[in-house]
Amino acid sequence: AGLLSDEAVDSLVETVHEKTGETSRSASGYAASNLDVYQVNSTFYDALGRDDVDYLLARAIQFFAPGTPQVYYVGLLAGTNDLELVGKTGVGRDINRHYYAPEEIRAEIDRPVVRSLMHLIRIRNGIPAFAGTFSMPECGDSELILRWESPHCMAQLNVDLERRTATIDCVDSDKRRRWTIGDGLLKAAESGAAI
């Protein structure tokens, strides 16, 4: 309450249902015995329409936001809604609780979006700037800038929401690194190679 208007909440919920191809609707609200009608059950990847670019941009924003980011195991593997499990259990939340077999995990880890996400996690966990001070410099309406600074290190995420691209810049002890997000991949800018 107070964060979004009722109309904005309704629009958001309907957009997620649309992005999931309506599969989230069968696992949410009254259909899945959820008392909270605003709880939409879906994997994060499906809620973003299984779009690798949108998924990586959303995760980059999550990792640069203040706090300790958490990634559920299905999210780590950019998993999709498990309708079969929901059908067996009748529990709406099971839509994002797929039970992976070892061979499935090996296959999922090889996907470019998953490799890129794991590298984003390494960036978030390995750069000392994230122990420093957070700021959000002013930017345009379709842009988002998130910055972390410590005495000898800076990490900054620049997201262009209109173009669906982002750059991550890190300056650490006179060493500069840049990564880009676009085309569904995280790339090291100096080589242009996919991670």
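Note on region 87-131: Cα-only Rg and Dmax are 15.5, 46 Å.
Rounded to the nearest whole angstrom, the semi-axes of the ellipsoid equivalent to the chain, taken from the Cα gyration tensor as √(5λ), stand at 32, 21, 14, largest first.
Tell me, in nm to one decimal, what length is gained between E108 and D51 on full extension, where the rule is 0.36 nm per residue of separation less the Cα-Cα distance?
Working it through step by step, the gained length comes to 19.0 nm.
Taking a Cβ cut-off of under 14 Å around P102, the surrounding Lys, Arg, Asp and Glu residues balance to a net charge of -3, with basic ones at +1 and acidic ones at -1. Shown here: region 141-188, whose C-alpha atoms stretch 33, 24, 10 Å along the first, second and third principal axes, sorted largest to smallest. Just to confirm a number: summing +1 for Lys and Arg and -1 for Asp and Glu over residues other than S116 whose beta-carbon lies under 11 angstrom from that of S116, what do you get? After counting each charged neighbour, the total is +3.
Each peptide among 148-159, 82-93 gets the average number of other Cβ atoms lying within 10 Å of its residues, and from highest to lowest they stand as 148-159, 82-93. Excluding same-chain neighbours fewer than eight residues apart, the lysines reachable from K88 by a Cα-Cα span under 30 Å are K19.
With each label modelled as a point 7 angstrom along the Cα→C-beta vector, the F134-Q70 pair spans 1.5 nm.
Throughout, read-outs are computed from the coordinates displayed, never taken from laboratory work. Keep in mind that this is a model prediction, so the values were computed, not measured. Quick reminder, even Gly has a Cβ in these numbers, built from the backbone with ideal geometry, and neighbours come from all protein chains shown.
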